[in-house]
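Heads up: the structure comes next, in structure tokens.
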């Protein structure tokens, strides 16, 4: 997990984290129940993660256009935008996983089949995906608010002394030390948020695999049949 978090710090390379979560969940759905593999650099993890990010980007663009339209409607438009935002999170997760299961990009856009599956137990689906996401979002917001509060609390009394010190050409080592502390605190907060977000993201994808096993067994049989056919060619 630490390696996954470190990878998330690197642009583009962080596609591996998305692909790893999807592949690990695919193994679960196909009957290979095992602990989290130690090797995160699995075959095709980067490519599958890239496709997952592309799917998320496509949904994001569509959501932005719809949100811009509803943003013109007072009150009701805001409510619709929030609801669509929640729906976006669920749609991206389940479409990415379907793509990984069938090992083809177009499978993510089999909307009739996806919709029929989602209707079987929408409550449990929302709980599986949204609740952990909302919790980690709340934790990130709280930590960020605490950091901002500490920064303001230190910065307001510090600012006049810095201006006076620099005005007379006097160095302010104490101010530099406090600024360094704030930078280190900021980095610590970001690392905690990144670690928690990565952990939740991987586990949500894994939990969605359990949901698929229970409510979409035909996806499993179709995907396994397709995989066997491809291997026999």
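Which of these, 42, 98, 206, has the largest mean-square fluctuation under a Gaussian network model of the chain (Cα springs below 10 Å)? Largest GNM mean-square fluctuation: 42. Fully extending the segment from residue 199 to residue 126 would add 24.4 nm, taking 0.36 nm per residue of separation and subtracting the current Cα-Cα distance.
Name all residues of the stretch 37-71 having a backbone nitrogen under 20 Å from the label point set 7 Å from the Cα of residue 83 along its Cα→Cβ direction, giving them as ranges. Correct set: 60, 62-71.
Figure the gain on full extension for residue 179 and residue 141 (residue separation times 0.36 nm, minus the Cα-Cα span) and round it to one decimal in nm. Please report the intermediate quantities before stating the final value.
Details: separation 38, 0.36 × 38 = 13.68 nm, distance 2.20 nm.
Taking residue 179 through residue 141 to full extension adds about 11.5 nm, to one decimal.
Could you compute how fast the stretch 17-147 diffuses translationally, taking Rh as the Kirkwood radius over C-alpha pairs and applying Stokes-Einstein at 10 °C with viscosity 1.306 mPa s? Give it in µm² per second. Answer, rounded: 96 µm²/s.
For the chain, what is the Kirkwood hydrodynamic radius in Å, using each pair of distinct C-alpha atoms?
Working: mean 1/r = 0.0488 Å⁻¹.
Evaluated over the chain, this radius sits at 20.5 Å.
One chain, two ends: residue 191 and residue 76. Fully extended at 0.36 nm per residue, the span grows by 37.7 nm beyond their Cα-Cα distance. Against the main long axis of the alpha-carbon atoms of the chain, helix 217-232 sits at an angle near 80°.
Where a number appears in this text, it was derived from the coordinates with a stated rule and is not lab data. In this text the structure is predicted, and so the values were computed from the model without any measurement. FYI the Cβ positions are ideal-geometry reconstructions off the backbone, even for glycines, and counts take in every protein chain you see.
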